[in-house]
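Nothing in this text is a laboratory measurement; each read-out follows from the coordinates by a stated rule. If you're wondering where the values come from, they're calculated on a predicted model, not measured in any experiment. Virtual Cβ from ideal backbone geometry, glycine too; neighbours counted across all protein chains shown.
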Amino acid sequence: MDNPDIQKLLASLDRPDADPARAASGEVFAADIAASLPHMDEPTQLLIFQLLDDIKAAEVLAHADENVQAIVLGSLDQERLTRLFIEMEPDDAADLLAVAPDEARDGMLAELDDDARRSVAMLGEYEPESAGGIMTTDVVTVSSNSATDAALAKIGDDENSESMDSVFVVDNSGALVGVADVKSLLKAESPQTVGDVMSADVISIRADEDQEEAARLVDRYDITALPVVDDAGRLKGVITVDDIIDVLEEEASEDMLRLAGTGVTHPTSEPVLRRLRARAPWLAVTLAGTFVAALLIEYVERTWFEVGEGGDANFRALLYFIPLIGGMAGNVGSQSSTIMVRGFATGEVDPTRPMRVLRGELLLALLIGALSALLVGCGVALAHADSAWLGWAVGLALPCAIFVAALVGTLVPFACHRVGVDPAYAGGPFLLTLNDIAAFLIYFAVAIQLMKFLGIS
């Protein structure tokens, strides 16, 4: 909370007269107030909402995270909540309604006019992370035979539309048939109609598609407003670029948190027990995997290295390089899986065609493995001149472990996508543990076979 306007607002709250605080709150952007609220205690949050006028309070509430919304919904009286609800855009109102207590929901809906109630109800039917869930129903529509000056007048008269640089053209059934930007309308000459200047090649998205697909379309075609249609092609709403920015930030955060195995919301915004439930399953995978790896090491020692005069010394020598083998394999596997997960999110990698990227990842892994093997093998051989076989063991096992790690790191995200599991989960503790076990198996298998070949006990 290093924003000077926020600091000024907080300082003014201690004064007995509310006017300075009310004036200070008017100087702060609603988005800045919303971003600072999670860092305040609950009484301060509620005090700030009491100072704000309804329009600004509604904007702050729309920008606030769900924990703050829950506090406000549970603390403000029904009359104030209803006023804030009425001031919100339909998409923000639908989001707020989803977290509102049952007793408050009916009262809030009852105060809306029929059109607004229908819009909010329709938006509430879509999944929150679908295109329909993030669209707004405030959109300017005209018919193709409308005069261009009439279309411009309609844009100017609509105070609620979030997309003011274009107008969408629909037929009598409401189906989307074109789009006309304001520049084309302004350049049109009477008696031209909207149909004369519109573009019939409209990029649109179905309401039930994922919000990530909406973000990809906006990025690919450089558009500022993406129309949303139903299965019959009827226009239902529009997704604006500010919503897409929120989607990109949200999806990137979710992927990073899933890669870390901590859940899909920022850990610091959740209660401790909920954080524990989010992390425990993936840490249990790590615990089980490392336990299996420990049993594997114990089995190798008991089976192969307790016979013969030098067995214990040879086993101890091999143990020195377990972190090297596991670390290199784990890092390469993590890099491969991260590239795949990010590629899925940006559309650069087709999740249905693994062979298009597998060849390149495996070739790169072979090159990394060969270079690492040459450097490390020579280093180990020099450091253990009396045990040259150890350098060969590390040098042969390392590229094999790296190759397998790249193979697993590339294919596991594809497999997760195939079975409907978010591929981001593949890059976390599960994949690291799997790579550790595979690397240890390869390392000991190579070392044992080499020792048998060289007749080393």
Report Rg(Cα)/(2.2 N^0.38 Å) for segment 69-111, keeping two decimals. 0.98
Set the Förster distance to 22 Å, then compute FRET efficiency between CYS378 and ALA313 from the Cβ-Cβ distance, nearest 0.05. 0.50
P(r) tail fraction, segment 267-454 - alpha-carbon pairs more than 29 Å apart, %: 32
Per residue, how big is the convex hull around the C-alpha atoms of segment 141-240? Give it to me in cubic angstrom, could you? 88
Whole number please: convex hull volume per residue of the Cα set in the chain, in Å³? 205
Rounded, prolate or oblate: pick one for segment 4-125, where a ≥ b ≥ c are the square roots of the eigenvalues of its C-alpha gyration tensor, a/c under 1.5 means rounded, and failing that, prolate if a/b is larger than b/c, else oblate. prolate
For segment 361-440 and segment 176-252, what is the separation of their Cα centres, given in Å? 46
Close Lys-Lys pairs in the chain, where close means Cα under 29 Å and separation is 8 or more or interchain: 8
What percent does the relative contact order of segment 4-125 come to when contacts are Cα pairs within less than 8 Å and at least six residues apart? 20
For ILE55 and ASP222, what is the calculated FRET efficiency with R₀ set at 45 Å and r taken between the beta-carbons, to the nearest 0.05? 0.90
Crossing angle, helix 148-157 versus the chain [Cα axis fit, 0-90 degrees, rounded to tens]: 80
Explain nothing, just the number: relative contact order of the chain, from Cα pairs under 8 Å at least 6 residues apart, as a whole percent. 10
Which stretch or stretches of segment 26-69 have amide N atoms under 19 Å from the point lying 7 Å from GLN7's Cα along the Cα→Cβ direction? 26-29, 32-41
Hey, rough spin-label estimate for ALA388 and ASN67, points 7 angstrom out along Cα→Cβ, what's it come to in nanometres? 6.2
